[in-house]
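The structure appears below as structure tokens.
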Amino acid sequence: MLEYISIIITAIFVNNIVFAQFLGICPFLGVSKKLSSAVGMGAAVTFVMLMATTITWLLQTFVLVPCGLEYMQTIVFILVIAALVQMLEMIMKKVTPALYLSLGVFLPLITTNCAVLGVAIKVITDGLNLGQSVVYAIATAIGFTLALVIFAGVREQLELVNVPRAMRGVPIALVVAGLLAMAFMGFSGIKIG
């Protein structure tokens with residue numbers, strides 16, 4: 001049980017996928033202008049990350065390794081992620097068209113979101129079992145969503161203040177992202193167990 005708690009805390013805070021591993025930066029910067037879009041993107045990434053990690057772990061364990069096709073790992077994982085994103089895109093278009101439109105081009109970009117592929121590969125590289133992989137994927141997705149929501153909240157507040165002209169937009173966003181990354185570094189001293 002302590003092992004799973006360690007995985008959760010580490011994935012969300014200590015080794016946050018955005019602030020410590022610098023994966024998923026494109027949607028982090030692109031979809032973080034509105035809180036509603038950030039929450040929607042976080043939910044979409046959570047679904048895709050959980051499903052992709054589970055399916056790719058099963059494929060790696062029961063198909064690629066027994067057949068000696070480990071070298072096909074990256075290609076197979078990308079195909080699985082692309083299929084999941086395509087399925088999610090079709091579902092969102094039917095069920096929540098407003099969210100689908102607000103995410104715009106960033107929804108198909110989940111296919112190339114290196115955070116999703118990075119988690120799928122990391123669980124294999126670290127030798128995690130299926131249960132640990134699922135917990136790690138969920139915790140990492142929560143960490144990604146947390147980073148996205150905090151950043152979106154700060155960016156919405158920045159619209160209400162008088163920022164110097166040269167710092168408006170992307171420059172102040174990058175400064176805030178750096179400050180958030182430094183704040184998350186404070187969690188690196190946490191020891192569990």
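The values are calculated or read from the model by the stated rules, or taken from the named source; none is laboratory data. Everything numeric in this text was worked out from a predicted model, so none of it was measured. Positions of Cβ are generated from backbone atoms using ideal geometry, with glycine treated the same way; all protein chains shown enter the neighbour counts. When the accessible area is computed, the model is the full protein with side chains, heavy atoms only, and any ligands, DNA or RNA have been set aside. Shrake-Rupley method; radii C 1.70, N 1.55, O 1.52, S 1.80 Å.
Expressed as a fraction of 2.2 N^0.38 Å, the C-alpha radius of gyration for the stretch 145-193 is 1.40. In terms of packing, defined here as the mean over residues of other Cβ atoms within 10 angstrom, the peptides 53-64, 70-81, 18-29 line up highest first as 18-29, 53-64, 70-81. Extending 7 Å from the Cα toward the beta-carbon at both Ile75 and Ile9 defines two label points whose distance is 4.3 nm. The shape of the stretch 1-100 comes out oblate: with a ≥ b ≥ c from the C-alpha gyration tensor, a/c is at least 1.5 while a/b does not beat b/c. For the stretch 103-151, a Kirkwood radius taken over Cα pairs fed into Stokes-Einstein (4 °C, viscosity 1.567 mPa s) yields D = 110 µm²/s.
Shape of the stretch 122-177 from its Cα gyration tensor (a ≥ b ≥ c, root eigenvalues): rounded if a/c is under 1.5, otherwise prolate when a/b > b/c, or oblate? In terms of gyration-tensor shape, prolate.
Using a 1.4 Å probe on the protein heavy atoms, what percent of the accessible area of the chain belongs to carbon and sulfur? Answer for the chain: carbon and sulfur cover 73 percent of the accessible area.
Excluding ligands, DNA and RNA, the accessible surface per residue across the stretch 1-60 is 42 Å² with a 1.4 Å probe.
In terms of its alpha-carbon gyration tensor, the stretch 1-47 comes out prolate; a/c meets the 1.5 threshold, and the first ratio a/b outweighs b/c. In the stretch 70-167, Rg over Rh equals 1.08, where Rg is the alpha-carbon radius of gyration and Rh the Kirkwood radius from pairwise Cα distances. In plain terms, the bigger the Kirkwood radius, the slower the diffusion; for the chain, with that radius from Cα pairs, at 37 °C and 0.692 mPa s, Stokes-Einstein puts D at 188 µm²/s.
Each peptide in 141-154, 120-133 was scored by the mean count of other Cβ atoms within 10 Å over its residues; highest first, the order is 141-154, 120-133.
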